[in-house]
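S.K.: Take a look at the following structure, please.
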Amino acid sequence: MDIYIVGQQLVNGLVLGSTYGLIAVGYTMVYGIIGMINFAHGEIYMISAYLTAIFLALASYFGLQSVPVVLLLVLFATVFLTALYGWSVEQIAYRPLRHSNRLAPLISAIGISLILQNYIRISQGARNQGVPPVLDGVWRIPSSAIDQHFIQITYLQSLIVVTALASMALLTWIIHRTALGRACRATQQDRIMANLLGVDTDRIISVVFVMGAAMAAVAGMLVTLNYGSFDFYIGFLMGIKAFTAAVLGGIGSLPGAMLGGVVLGLAESFFAGFVNSDYKDVFAFSLLILFLIFRPSGFLGVPEVEKV
Amino acid sequence: MSESRSASAVTPEPLLRVHEICAGYGAIEALHGISLQVQSGEIVALIGANGAGKSSLLMSICANPPARKGKIFFAGQDITVLATHQIARLGVAHVPEGRRVFTYMTVAENLAMGLMALPEQANHGLLQAGGGADPEQIYHLFPRLRERAQQRAGTLSGGEQQMLAIGRALMSRPRLLLLDEPSLGLAPQIMGRIFATLRDIVKEGTTIFLVEQNANQALQLADRAYVLVNGRITLSGTGKELLASPEIRKAYLGGH
């Protein structure tokens, strides 16, 4: 086995896995706090791809040249607007169903997912859209390589991994070190008690949707820059993949989602590299099924047993 | 023995005034027109058998679920119209049935959650790393919690969890402390310590309204008490009066 091919798949897997992790965080946080799988989360990711393209176009319209400035502006604008979508979805589709049957918000999520897909299809067209390359350039290891004996890392791939790590570090810091994060964790563990202590739990639930959408937006922007093309349907596959990552890591667990993302990315990339690239999705979903059967609490999830 | 509201009729606006409230869950009504009051600085007990509606009353004061009929006033303000978290921010702290400590958080984090009721924390301080008040006084009241500060609350014993739940409620220096069965499941020694602590807490300016099945302990501690039977107040009086009452002795104080 060629060490360079292994190394290359490792790089590809990490890049893919960090985007899965970013999106999986949204599933796992929402599940943790209201016990529901937000099936519209993939669509939030898809919308962020369109927003990225729109803001990139705006940046070039206003003649912005500096790549770091453009990327930062597009990042903030995309994250902000995507978070607004996440917030609105919660307000419109889930909050009115807060005290109803457990199945109702799930159906509502599927409805919102269809609505968002078709809203984009109608407003942006059904065809593939694209963005021009913003950041070119590659590193080769070793740099003096001849033939195929090197590992290639594009600038964008490293940007993806670094940005994903930074976003997750920021999120982890918020959740574990701030009063807001403490309120989120408290609401997740015992919503009634958090409420009795003065936490506005409805607001905390909104905040969780906003944070999940913001993370998905980071992923949406990075993937869009990396692949250059997207359509209104990309949220579906990406959504289920990220959901798989969340289950692998242990749904409800924040570090689990990140870990699950990286593991799924690596598994998929190695399967594609060494077994068969046509069946990589089948492989990913087989993992999902195996985990659901044999280890539903994932790597880091806690089975729901602990009661006082 | 006196009728429900003869003694305190001329006193100023009580800290807590519950006026003919009805409340319940779903189709079941647990409280049928309860009226009572708690004056500032008092310890008032509500005693009654299992299922009489004691916990429901405490939860209704916190609007969870809200009263269907009647009104509740806190320091003269109608709180029947407020949401649970808003009531907490007025200075009503609740130590609910089952303690409900956050088992996955450390003791220190649980105490920090008690600060959420402070308006400044709720509005501006959410991204602050630390948070305002000092848990030092709580550790002073319950030295056991200091030893366990960095331990997960789920690993504490029942008595320690009870201390933690009371400590958490006291973090915001509430004006009114609602206590649901503080003695439940505790060894007599620990129970005695907690009841002694409650007396100290009142001296610090917090008013206590507690619910107890353990009528003996509760009546010894309380200035006044109400007796709740099947969602209705049947008796009220000072702790001493009720302790001496033959009916109470028979029904609640081990007249077996």
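Derivation of every value follows stated rules applied to the coordinates shown; laboratory data play no part. Keep in mind that this is a model prediction, so the values were computed, not measured. For neighbour counting, all protein chains shown are included, and Cβ atoms are generated from backbone atoms with ideal geometry for every residue, glycine included.
S.K.: Taking the Cα centre of the stretch A:3-294 as origin, sum charge times position over the Cβ atoms of Lys and Arg (+1) and Asp and Glu (-1), and report the length of that vector in debye to the nearest 20.
M.R.: 540 debye
S.K.: So what's the net charge close to A:ILE174: Lys and Arg +1, Asp and Glu -1, counting the other residues with Cβ under 13 Å from its Cβ? Don't skip to the answer; put the middle values down first.
M.R.: Working: positive: A:ARG177, A:ARG182, A:ARG185; negative: none.
Neighbourhood net charge equals +3.
S.K.: May I pose another question? Would you please classify the overall shape of the stretch B:25-102 from the alpha carbon gyration tensor, given that a ≥ b ≥ c denote the square roots of the eigenvalues, rounded means a/c under 1.5, and beyond that prolate means a/b larger than b/c while oblate covers the rest?
M.R.: Working: a/c = 1.21, a/b = 1.14, b/c = 1.05.
Verdict is rounded for the stretch B:25-102.
S.K.: Next question. Can you tell which of A:ALA126, B:GLN220, B:LEU82 lies farthest toward the positive end of the dipole of the protein assembly as shown, using +1 and -1 charges on the Cβ of basic and acidic side chains (Lys, Arg; Asp, Glu)?
M.R.: Of the candidates, B:GLN220 comes out farthest on the positive side.
S.K.: Another question, then. Of chain A, which part is the longest with no GluC sites (Glu not before Pro) in a loop (DSSP not H, G, I, E, B) and with at most 11 other C-beta atoms within 10 angstrom?
M.R.: A:1-303
S.K.: May I pose another question? If the cut-off is a Cα-Cα distance under 24 Å, which lysines reach B:LYS69, setting aside same-chain residues fewer than 8 apart in sequence?
M.R.: Here the lysines satisfying the reach criterion relative to B:LYS69 are B:LYS54.
S.K.: Now, a different point. Which of the trypsin sites (Lys or Arg not before Pro) found in the stretch A:118-218 are in a DSSP loop and have at most 12 neighbouring Cβ atoms, other than their own, within 10 Å?
M.R.: Those that pass, being in a loop and sparsely packed, are A:ARG127.
S.K.: What number, in nm² with one decimal, is the all-direction average of the projected area of the convex hull of the alpha-carbon atoms of the stretch A:93-218?
M.R.: 12.7 nm²
S.K.: Where both partners of a DSSP beta bridge lie in the protein assembly as shown, what percent of those bridges are antiparallel, to the nearest 5?
M.R.: So the antiparallel bridges amount to about 60 percent of the total.
S.K.: Of B:LYS250, B:LYS71, A:LYS280, B:LYS203, how do they rank once you tally other Cβ atoms within 10 Å and put the fewest first? Working shown, then result.
M.R.: On the way: B:LYS250 11, B:LYS71 14, A:LYS280 18, B:LYS203 8.
Final ranking by Cβ density, sparse to dense: B:LYS203, B:LYS250, B:LYS71, A:LYS280.
S.K.: Let me ask something additional. Once phi is turned into θ = phi - 60°, what whole-Hz ³J(HN,Hα) does the Karplus curve with 6.51, -1.76 and 1.60 give for every residue of the stretch A:118-133, x standing for Gly and Pro?
M.R.: Taking θ as phi minus 60°, the curve returns 6, 4, 6, 4, 6, 7, 10, x, 8, 6, 4, 10, x, 10, x, x Hz for the stretch A:118-133.
S.K.: Cut-off is 10 Å between beta-carbons; in what order do B:THR103, B:THR80, A:THR187 appear when sorted fewest neighbours first?
M.R.: Values: B:THR103 18, B:THR80 21, A:THR187 26.
By the 10 Å Cβ count, ascending: B:THR103, B:THR80, A:THR187.
S.K.: ³J(HN,Hα) across the stretch B:73-83 via Karplus (A = 6.51, B = -1.76, C = 1.60, θ = phi - 60°), whole Hz, x for Gly/Pro?
M.R.: Result, ordered by residue: 10, 10, 6, x, 9, 6, 9, 5, 8, 8, 7 Hz.
S.K.: A further question on this structure: Kindly state, to the nearest 0.05, the FRET efficiency for A:VAL282 paired with B:SER35, given R0 = 56 Å and r defined as their beta-carbon distance.
M.R.: That pair, A:VAL282 with B:SER35, gives E of 0.25.
S.K.: Sorting B:HIS32, B:HIS94 on the 10 Å Cβ count, fewest up front, what's the list? Provide the component values of the computation, followed by the final result.
M.R.: Details: B:HIS32 16, B:HIS94 30.
Arranged by neighbour count, lowest to highest, B:HIS32, B:HIS94 become B:HIS32, B:HIS94.
S.K.: On to the next question. For chain B, give me the percentage of DSSP beta bridges that are antiparallel, rounded to the nearest 5 percent.
M.R.: 55 percent
S.K.: 222 nm [θ] for chain A, helices only, -39500 (n - 2.57) per DSSP H run of 4+, per residue, to 500?
M.R.: -24000 deg cm²/dmol
S.K.: Follow-up question, since we're still on this one. So which lysines pass the test for A:LYS280, namely a Cα distance under 25 Å, with those fewer than 8 places away in the same chain ruled out?
M.R.: Once the sequence-local lysines are set aside, what remains near A:LYS280 is A:LYS241.
S.K.: Using every alpha carbon pair in the stretch A:172-272, what percent of pairs falls into each 10 Å bin from 0 up to the bin containing the largest distance?
M.R.: Using 10 Å bins, I get a P(r) of 13, 37, 31, 15, 3, 0 for the stretch A:172-272.
S.K.: Over all directions, how big on average is the projection of the convex hull of the alpha-carbon atoms in the protein assembly as shown, in square nanometres?
M.R.: The number I arrive at for the protein assembly as shown is 31.3 nm².
S.K.: Hey, another quick one. Please work out the Cα center distance from the stretch B:133-186 to the stretch A:57-92, rounded to the nearest Å.
M.R.: About 46 Å separates the Cα centre of the stretch B:133-186 from the one of the stretch A:57-92.
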